[in-house]
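The values are calculated or read from the model by the stated rules, or taken from the named source; none is laboratory data. Remember, it's a predicted structure, so these values are computed and weren't measured experimentally. Heads up, the Cβs are rebuilt from the backbone with ideal geometry, glycines too, and the neighbour counts pull from every protein chain shown. Accessible surface areas use protein heavy atoms only, side chains included; no ligands, DNA or RNA. Shrake-Rupley method; radii C 1.70, N 1.55, O 1.52, S 1.80 Å.
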Amino acid sequence: MSGLTPKQYMEQWLDLSSKTNPKPPPEEVERLKKEYRAQRKRAEFEQWAMKQMEAANEQKEA
């Protein structure tokens, strides 16, 4: 350790990480969230549709 208190160490680390990996602007964050939600909904719908298809196939076979 370089003689820093844990608090100072965390502050320096956070400062460094914000410089090396800056946060995107709020509009970009919102856009990414919307994209992610759309992908989730699509995936959930596809899973639901597959279950419906499998149920329909089982009924046909029965």
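Tabulated data for the structure shown
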item	result
Pair list, Cβ under 8 Å, 6 or more apart: region 29-55 residue assigned to a helix (DSSP H, G or I), other residue at pLDDT below 95	Val29/Lys23; Leu32/Pro24
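Let's see how each residue does on (1) open to solvent by 90 Å² or more (accessible area, probe 1.4 Å); (2) under 19 Å from the mean Cα position of the chain (by Cα); (3) at pLDDT 90 or above; (4) among the basic types (Lys, Arg):
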position	(1), (2), (3), (4)
Met1	yes, no, no, no
Trp13	yes, no, no, no
Lys23	yes, yes, no, yes
Ala38	no, yes, yes, no
Ala43	no, yes, yes, no
Met50	yes, no, yes, no
